[in-house]
Amino acid sequence: MLTRSQALNLASTGVRALASVVLQKLIALRYGPAGVLELGQFILIQGLCYGLLTDGLNRAMMVQAGQQATAAQRHAVLVKGGLAGLFWLFITSGALIWAMPTLLPGMVDLALPLAVAVGGAGWFFWVTAVLVFEGKPWAVFWLTTLQAIVLVLAGAVPSAGLGWQDASPPYDLQARLLLLGAGQAMLALAAGAWYLLHYHRQAGPGWRAATGLLKPLGAFGVFSLAVMLAGRGADMALRAYAMDLGLYEPMGYFQAAVRLGDIMLVPFTSLFAGLFFAQATQVAVADLRQALGHQLRLAWIGVGMAALLWATSPWVLPMLNRADFTAAVPYFARQVPGDMLRILTLPISVALMAAGRLRALAWLEGLSLLVYLLAAAGLGSWLGPLGLSWAHTARYVIFGAATCWAARDLLPFALPGQQPSAHG
């Protein structure tokens with residue numbers, strides 16, 4: 001049975017996933033495979049900019065906040081985490097101004113406002129992380145609903161209504177991406193400012209006192225950089241290279257398949273990387289085996305969902321995009337075994353993180369990146385974009401086996417007498 005908090009968390013991620021589906025449908029209808037590819041690249045850019053915040057700063061903040069003796073000290077850690085997140089997003093916005101024309105060709109004219117919008121929108125994830133940690137799932141749900149409305153409106157607003165009726169399709173799409181980022185940024189900055197002031201008041205006059213946040217920030221930050229390079233960074237570089245070669249149509253179909261797998265993963269990412277991690281940081285390492293066993297049972301539900309999508313993808317992909325996206329079915333069929341393994345390894349990776357085995361996680365991510373790049377280079381040169389789907393599955397076969405080996409003492413089926421430890 002799901003707890004009330006888990007149920008609300010799933011509802012929040014369901015709303016976000018539904019909004020993402022509607023947005024992609026609107027983009028696919030207007031702009032076809034090229035539009036889906038550019039939208040996917042935009043989402044990856046956002047993910048890369050937010051990776052250090054979501055995978056590093058927030059987790060360090062929750063670990064340290066959970067160790068504080070008083071509520072005021074806990075809130076002081078949350079405030080410092082929010083300020084650190086805002087500073088990181090400011091830095092990434094500056095870097096993105098320079099990188100945007102390469103990552104999204106043709107965005108030279110809109111690089112500055114789009115970079116600022118992308119950076120500002122990222123503060124939303126500090127807010128939701130704090131609210132999950134503080135046990136306020138209803139607030140997360142309503143904020144997520146507002147964000148979903150912003151996403152759908154950005155995709156649905158008529159081009160003529162904003163004076164774009166004379167714009168060429170590429171510029172029309174880029175202006176729409178700017179609208180998407182700006183809407184998210186306004187919501188994120190407003191909510192972030194409100195909650196920062198709220199927890200600043202809760203922390204009281206001693207909020208500047210040392211809270212020990214710097215050390216976990218460094219440890220989790222290094223790990224999150226490895227995650228970003230191994231995941232989003234490699235994916236983004238491949239898409240930028242494909243766009244430079246003009247492979248918009250086949251890569252658009254590939255992106256549609258990838259996005260279907262990502263949407264399927266959304267509720268499980270939220271349950272494992274969000275709720276499970278927040279809970280696991282507050283239990284003894286010796287108790288992680290039992291907690292992980294429950295999470296793996298949930299993960300098998302995800303495997304069943306992936307199998308169902310596999311069987312129905314000839315109908316689902318055109319329904320979520322447009323009729324010609326039946327061409328994306330072969331891509332999804334070859335990547336879905338990797339998606340299944342990805343779901344199963346996620347709670348195991350979270351357990352390793354909660355046990356403090358960041359060094360193991362760093363080499364696992366490095367191995368994942370190496371396997372993916374080698375497989376993508378070899379299979380991509382042989383099969384074209386279809387080879388990238390095979391590379392995804394090859395990546396998670398190796399990564400899944402290596403992750404199970406690294407977490408062998410935490411697994412529910414560990415050998416008798418093999419006790420979990422903080423070092424493995």
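The table that follows gives values for the structure above.
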| quantity | calculated |
| --- | --- |
| Computed over segment 294-424, the ratio Rg/Rh where both radii use C-alpha atoms and Rh is Kirkwood | 1.05 |
| Three-way shape call for segment 112-154 based on the alpha-carbon gyration tensor, with the a/c threshold at 1.5 | oblate |
| Solvent exposure of segment 15-169 as accessible area per residue, Å², 1.4 Å probe | 37 Å² |
| Peptides 177-186, 378-387 ordered by average Cβ neighbours within 10 Å, highest first | 177-186, 378-387 |
| Accessible surface, 1.4 Å probe, highest first, among residues D324, D235 | D324, D235 |
| Environment charge at A72 (Cβ cut-off 14 Å; Lys +1, Arg +1, Asp -1, Glu -1) | +3 |
| R395, R30, R297, R289, reordered so the largest accessible area comes first (probe 1.4 Å) | R297, R30, R289, R395 |
| Computed over segment 278-383: relative contact order in percent, which uses C-alpha pairs under 8 Å that are six or more apart | 31 percent |
| Per-peptide average of other Cβ atoms within 10 Å, ordering 146-158, 349-361 highest first | 349-361, 146-158 |
| Shape call, segment 64-159: gyration tensor on alpha carbons, a/c limit 1.5 | oblate |
| Convex hull per residue volume in Å³, alpha carbons only, for segment 1-112 | 135 Å³ |
| Exposure rank, largest accessible area first [H198, H294, H75; 1.4 Å] | H294, H198, H75 |
| Accessible area (Å², 1.4 Å probe, nearest 10) - E365 | 30 Å² |
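The values are calculated or read from the model by the stated rules, or taken from the named source; none is laboratory data. Since the model is a prediction, treat every value here as computed from it, not as a measurement. We place every Cβ from the backbone using ideal geometry, glycine too, and count neighbours over all the protein chains shown. Areas reflect the complete protein model, heavy atoms only, side chains present, ligands, DNA and RNA absent. Shrake-Rupley method; radii C 1.70, N 1.55, O 1.52, S 1.80 Å.
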